[in-house]
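> One structure, as structure tokens, below. Some questions next.
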Amino acid sequence: MTHESRQQLKQVFLRTLIQEPDNLEALMRALETSLPAHRPGAEVLDDLAGCFQSARNALRQGMLPAGFSISRLMVALSGIARKRNIDADLFYSTLIEKAVVDGESEDVHRAVHKQSTKEKILDAALEVFSEKGFHLATVDEIADQAGVGKGTLYRYFANKETLFNELVKLRLAELERNATAVLDGQDDVLTMIAKYLRVYFAFFDRNQHLYRLIAQERLDFGEHVQDLYFKKVMRRIHALKKKTYEASQQGILKEVDFQTVFYGVMGFVHGVIQKWLARDCSYSLVEELPGVIEVLFYGFVKKRVNLTKEGDKDGCSCNAGQDR
């Protein structure tokens, strides 16, 4: 039987089933008559499995009554298989396997479609949010930019704030993964910091819109966005803290408060990124890395100097840097 003949067989079977869903006996007689008498058992089994799958799809699509019994259909089809000397175990295992495999394929297709639609919405939201800001951006604009209906957007995100939070969280997940690979490594602390900063700069070099969005909305959302941001960035920071402590015990680093230094360094780093943004990102952010590492590791003062505060008789010694 050719492919066209098989398709025609399934179409006739399905049309008859839809017209008379309660008359399975008559349907089976018609199906048995349609199958050539000397058709090989393996091909008959494939035809029966195809008819079974067509019935399942019709039931899912509402083309059959809600009370239609798939199990009754399976038993009826097994009667034809028995007459064609097809082993019962082989028959049922084939139908079950086809149902599972086809079901998984449909689930994967739906998941890919949903993921694709969701990504379109997220990409559109990033563009609109970064251009207009959270408060001025509208769901209608984001939906239009994504090429989806407003109702479709709401199936994925309950409201604009949920969309914003999900956008920041998912985009920063990439930074977290890359940073984790560095922080879980076996490098010495200075190499680890240099690699971490390279990952950080390279990430925002590729995600300019995301940084603009975070920088802008931190002013509006305050601690809320800050929390989303630093939870992702600092999740693995304890590894760096441990390395820093070990280096201070070895005399490589000064004994300083880790949190103070970390936030101070990140403030400096973000100041450098702000300068880059102010220059319209006209060069690669990674080009700033050598200068940043130079200042962080060795400072920018060549020699120790004594600074006298006005009104302070004793003055103070400032170890801002030292000769190398």
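> Helices (runs of 4 or more DSSP H) wholly in the stretch 1-120 with at least 2 residues that are modelled with pLDDT under 85, touching a helix residue (DSSP H, G or I) at 6+ places or on another chain (Cβ under 7 Å) and closer than 30 Å to Thr152 by Cβ - which ones?
41-60
> Taking the criterion of being in a loop (DSSP other than H, G, I, E, B) and closer than 21 Å to Arg206 by Cα, would at least one residue in the stretch 137-145 satisfy it?
Our first condition is that a residue be in a loop (DSSP other than H, G, I, E, B); within the stretch 137-145, this holds for 137-138.
Okay, now just the ones that are also closer than 21 Å to Arg206 by Cα, so none.
Checked the stretch 137-145: no residue is in a loop (DSSP other than H, G, I, E, B) and closer than 21 Å to Arg206 by Cα.
> Out of the residues in the stretch 2-45 meeting the condition of being of a type in the set (Val, Ile, Thr) and touching a Leu at 6+ places or on another chain (Cβ under 8 Å), tell me which one is farthest from Arg82 (Cα to Cα).
Here the residue is Ile18.
> Regarding the stretch 40-49, can at least one residue be identified that is of a type in the set (Gly, Ala, Ser) and touching a residue at least 40 places away in the same chain (Cβ under 8 Å)?
yes
> Restricting to the stretch 121-136, what's the tally of residues that are in contact (Cβ under 8 Å) with a residue 40 or more places away in the chain and not in a loop (DSSP other than H, G, I, E, B)?
Our first condition is that a residue be in contact (Cβ under 8 Å) with a residue 40 or more places away in the chain; within the stretch 121-136, this holds for 121-122, 125-127, 129-130, 133-135.
So of that shortlist, the ones also not in a loop (DSSP other than H, G, I, E, B) come out as 121-122, 125-127, 129-130.
Qualifying residue count, the stretch 121-136: 7.
> Being over 21 Å from His209 (Cα atoms) and among the polar types (S, T, N, Q) narrows it down to one of Thr162, Thr117, Thr180, so name that one.
Answer to the selection: Thr180.
> Of the conditions (1) out of contact with any helix residue (DSSP H, G or I) (no Cβ under 9 Å at 6 or more places or on another chain); (2) modelled with pLDDT of 90 or more; (3) surrounded by 12 or more Cβ atoms within 10 Å (Cβ to Cβ), Phe268 satisfies every one except a single condition; which number is it?
(1) is the only condition that Phe268 fails.
> Answer yes if at least one residue in the stretch 233-248 is at pLDDT below 90, under 17 Å from Glu166 (Cα atoms) and in a helix (DSSP H, G or I), and no otherwise.
There is at least one residue in the stretch 233-248 that is at pLDDT below 90, under 17 Å from Glu166 (Cα atoms) and in a helix (DSSP H, G or I).
> Run down Leu197, Leu172, Leu153 and say which single residue is without any contact (Cβ under 8 Å) to a residue 40 or more places away in the chain and surrounded by 14 or more Cβ atoms within 10 Å (Cβ to Cβ).
On inspection, the qualifying residue turns out to be Leu153.
> What single numbered condition from (1) of a type in the set (Gly, Ala, Ser); (2) part of a helix (DSSP H, G or I); (3) surrounded by fewer than 18 Cβ atoms within 10 Å (Cβ to Cβ) fails to hold for Gly185?
(2)
> Right, next: Hey, among Gly311, Gly321, which residue is at pLDDT below 85 and surrounded by 11 or more Cβ atoms within 10 Å (Cβ to Cβ)?
Only one candidate passes the filter, namely Gly321.
The values are calculated or read from the model by the stated rules, or taken from the named source; none is laboratory data. Bear in mind that the values here come from a model prediction, so they are computed numbers and not experimental data. Please note: Cβ atoms are built from the backbone with ideal geometry, for glycine as well, and neighbour counts cover all protein chains shown.
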